[in-house]
Amino acid sequence: GAWRRIIYICIVWQTAMIILFGVFIRYNEESDTHWIEQRKAKNISSDVENDFYYRYPSFQDVHVMIFVGFGFLMTFLKRYSFGAVGYNFLIASFGLQWALLMQGWFHSLDYSDGKIKIGIENMINADFCVAGCLIAYGAVLGKVSAVQLLVMTLFGITLFAVEEYIILDLIHARDAGGSMVIHTFGAYYGLSISWMLYRPNLNQSDRLQGSVYHSDVFAMIGTLFLWMFWPSFNSAVTDHGDGQHRAALNTYLALASTVLTTVAISSLFQKHGKLDMVHIQNSTLAGGVAVGTAAEFMLMPYGSLIVGFCCGIISTLGYVYLTPFMEKHLKIQDTCGIHNLHAMPGVIGGIVGAITAATATESVYGVEGLRNTFDFDGDFKDTVPTRQGGLQAAALCVAICFGVGGGILVGCILRLPIWGDPADDNCFDDEPYWEVGAFVVERVAISVLLVAAKPRFAQAPCHSLQFLPFVGNIYSWCRMLPPRPAVSPVTRCGLDWWILCSVLSMKGRSPVLFVDEGFSHYSVCSSSK
């Protein structure tokens, strides 16, 4: 069974991590007890000069984004909140360990002793690496098993480390906030996997794909955490000083601009001018994604506002038009709409970064500022801004190619039956994989109530049900009743099955109140006695 696979995978892989860490991982000089000697040798007067004190606040913000922000953002599905938060927790915890190894082999390997030396900056970069996999998870949310997610994370971290090394070290592109390295790669990696795992019969779980009022509120909590901490995300690993300061400012402004644009476009394209919570939860973050590459550049405050303004429009329209188009014509089932939140804004961010780099001048940056911002040093000391712009564009292409190519390859692997993917009618549902306790009672007993009292009770709003004279023992009744008894006329509210909990005679006709999960909708009809 699937539960046996997850036991074996978790135990074996964690054991492998312990062995690999024992062989390869050591503290770096700033986290080792020899720091006191290094401090004296380098004439450092205080422990406050340790990089920990500069980086840890940003690390904590990024860490909250990974485990709370991404986790709660995906709780919008009415029956998949445990899977959204729980599997997010699982793959992030495994991913950060594997990322420390994979990124360490490329960036932190000490060739004198063959060990990977880790510190606070490695922790931040590991979280960045995990972010790419969590973005990919959004495309397949509710459609894959925990084992498939771990396999997807294993390959995703590996591909990310290679792609990051090519872009940042070999091509020498700048990408402070990861518009290309994290968001573009992660989004196209997830979309390609979703395309490979296309489910033609996913409509069997249509009733569970939507949200209810309280699940959208929880998802909005994730949005707010991400929105608040995104300036830290984009500035966490930039150089201390003006670059880090500028990255936070540019992100701060882009995010603010995106919110107003998203609200306007959402209202414009919805019936009666009402706002769609999907747009508010997701598109309001697109500005932070798009400004990532150019965050430390001299984008100027008005430039940041323009980036946020454009992304709010493009991302919201993507949810309105592109997501249904992709599912219908391209066979890409994008559960969270990551194409609109991460893929398109990530590409925009790469383009903005390339243009900003190519147009950089000494009059704006200064001689030293230009060299410091674009790291024109060593092998790249003769690089000019126009060439740097070309390198930025090349890096964007690499990110897309790694995402699409890697996703297709991993998608083929995940199609193998050994991983135990869920059946079509079990998608978007926690019950087959989690102990849910009273969840079954909520799912069945609260789904539909037959109220056969006076007609005025049938017309009562959902929150007034507690005043009905008779409800009966709902749970004991529902166990004896067949699924979806014929009632005419019927208005479906995304119900799993129908329950008749009490019938009181009223001249041959009984008013019926159908209530969906979470009491978000109700409709009234009648049935014969």
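The values are calculated or read from the model by the stated rules, or taken from the named source; none is laboratory data. Just so you know, these numbers come straight off a predicted model, no measurement behind them. Here the Cβ positions follow ideal geometry from the backbone for every residue, glycine too, while neighbour counts run over all protein chains shown.
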Report those helices (runs of 4 or more DSSP H) wholly inside segment 282-348 carrying at least 3 residues which are farther than 27 Å from C427 by Cβ, in contact (Cβ under 8 Å) with a residue 24 or more places away in the chain and not assigned by TED's automatic domain parsing to the domain that holds L249.
none
Need the failing condition index for I25 against (1) under 34 Å from the mean Cα position of the chain (by Cα); (2) without any contact (Cβ under 8 Å) to a residue 60 or more places away in the chain, just the number.
(2)
Got at least one residue in segment 244-253 being in contact (Cβ under 8 Å) with a residue 40 or more places away in the chain and of a type in the set (K, R)?
yes
Inspect segment 250-261 for any residue being assigned by TED's automatic domain parsing to the domain that holds G292 and within 15 Å of the chain's Cα centre (by Cα) and give the result as yes or no.
no
Residues satisfying the stated conditions in segment 373-427, i.e. under 13 Å from H172 (Cβ atoms), of a type in the set (F, W, Y) and at pLDDT 90 or above
F374, F376
Out of segment 349-378, which residues are of a type outside the set (G, A, S), without any contact (Cβ under 8 Å) to a residue 40 or more places away in the chain, in a helix (DSSP H, G or I) and out of contact with any Gly (no Cβ under 9 Å at 6 or more places or on another chain)?
V367, E368, L370, R371
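Take the residues in segment 388-404 that are in contact (Cβ under 8 Å) with a residue 12 or more places away in the chain and not aliphatic (A, V, I, L, M), then tell me which one is surrounded by the most Cβ atoms within 10 Å (Cβ to Cβ).
Going residue by residue through segment 388-404, those that are in contact (Cβ under 8 Å) with a residue 12 or more places away in the chain are 388-396, 398-400, 402-404.
Of the ones still in play, those that are also not aliphatic (A, V, I, L, M) are 388-390, 392, 402-403.
Working: Q388: 25, G389: 18, G390: 15, Q392: 28, F402: 22, G403: 31.
Among those residues, the one meeting the criterion is G403.
Can you pull out every residue in segment 356-379 that is on the phi < 0 side of the Ramachandran plot and exposed (fewer than 14 other Cβ atoms within 10 Å of the Cβ)? Quick ask: steps written out before the conclusion?
Of all residues in segment 356-379, those on the phi < 0 side of the Ramachandran plot come to 356-365, 367-374, 376-377, 379.
Passing the criteria: T359, T361, E362, S363, V364, V367, E368, D377, D379.
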Would you mind stating whether L370 is more than 23 Å from the chain's Cα centre (by Cα), more than 22 Å from A136 (Cα to Cα) and either modelled with pLDDT of 90 or more or of a type in the set (G, A, S) (or both)?
yes
So A343, is it in contact with a helix residue (DSSP H, G or I) (Cβ under 9 Å, 6 or more places away or on another chain), within 22 Å of V181 (Cα to Cα) and surrounded by fewer than 22 Cβ atoms within 10 Å (Cβ to Cβ)
no
